[in-house]
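What follows is one structure encoded as structure tokens, with my remarks underneath.
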Amino acid sequence: MYIWVQPSFDDAKQTTLRAKWEAHNKQSSNTSTSGNEATITTSPILFKFDPNTVSGAELKQLGLSEKTIAIFINWRSKGKKFYYKEDFKALYTLSDADYQRLAPHIHIQVKRINLNTADSATLVALPGIGPKLAYKILDYKKEIGSYHSIQQLKDVYHFPDSTFRILEQRLKVD
């Protein structure tokens, strides 16, 4: 045997909550109505940004969806680094149209690292360099005293050319 109990319904409380919700929607975005549908439109504001440092609020200003922003922030929190603007395109919820719209505004700040003062942790943080290669770079520096040119990295035993091409823009020698 089942007993059905009708929940109490406070009409005044529901009206108050509905009014607060509508006020919140009006405040957060522009609402235009067409027929019976209400569509929320916000115009994106484009500005220069670095995907390595941009915040979720700034991504919202750029016109990205909440889902894309959440996935992007999660991706970056797990260690994703952006070295080229094309790296931003790999975000699977980002449409090609959004990427084309944002690409001219992506400006990745490249921090150049001095090869003679870098320690192993700094080197490992660079793309393409693991602990073994960092050890080889530092060991070779001990052999020659100090690096005089970035080109000397090519003399490090088994230093890949592909890694050298990536690091050329990120390293300096003082």
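The values are calculated or read from the model by the stated rules, or taken from the named source; none is laboratory data. The shown structure was predicted, so the numbers you read here are calculated from the model rather than taken from an experiment. For neighbour counting, all protein chains shown are included, and Cβ atoms are generated from backbone atoms with ideal geometry for every residue, glycine included.
Here are the numbers for the structure shown:
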item	result
Number of the condition not met by Lys48 [criteria: (1) modelled with pLDDT of 80 or more; (2) surrounded by 12 or more Cβ atoms within 10 Å (Cβ to Cβ)]	(2)
Qualifying residue in the stretch 103-116 (condition: touching a residue at least 60 places away in the same chain (Cβ under 8 Å) and closer than 30 Å to Ile45 by Cβ)	yes
Residue list for the stretch 134-162, filter: crowded, with 16+ Cβ neighbours inside 10 Å and polar (S, T, N, Q)	Gln152
Candidate set: the stretch 75-108, residues that are β-branched (Val, Ile, Thr) and in a loop (DSSP other than H, G, I, E, B); chosen: the one farthest from Ile166 (Cα to Cα)	Thr93
Filtered residues of the stretch 109-145 (kept if of a type in the set (S, T, N, Q) and assigned to a loop (DSSP other than H, G, I, E, B))	Gln109, Asn116, Thr117
Residue in the stretch 87-97 that is under 20 Å from Leu126 (Cβ atoms), touching a strand residue (DSSP E or B) at 6+ places or on another chain (Cβ under 8 Å) and not small (Gly, Ala, Ser) present	yes
Selection status of Ala125, more than 21 Å from the chain's Cα centre (by Cα) and either surrounded by 14 or more Cβ atoms within 10 Å (Cβ to Cβ) or among the small types (Gly, Ala, Ser) (or both)	no
Filtered residues of the stretch 146-174 (kept if in a loop (DSSP other than H, G, I, E, B) and under 24 Å from the mean Cα position of the chain (by Cα))	Glu168, Gln169, Arg170
Close pairs from the stretch 57-80: first under 14 Å from Leu102 (Cα atoms), partner hydroxyl-bearing (Ser, Thr, Tyr), Cβ under 8 Å, at least 6 apart	Leu59/Thr68; Gly63/Thr42; Gly63/Ser43; Ser65/Thr93; Thr68/Thr93
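For every residue, the table says whether it meets (1) aliphatic (A, V, I, L, M); (2) modelled with pLDDT under 90; (3) exposed (fewer than 11 other Cβ atoms within 10 Å of the Cβ).
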residue	(1), (2), (3)
Tyr83	no, yes, no
Asp98	no, no, no
Ile108	yes, yes, no
Asn116	no, no, no
Asp119	no, no, yes
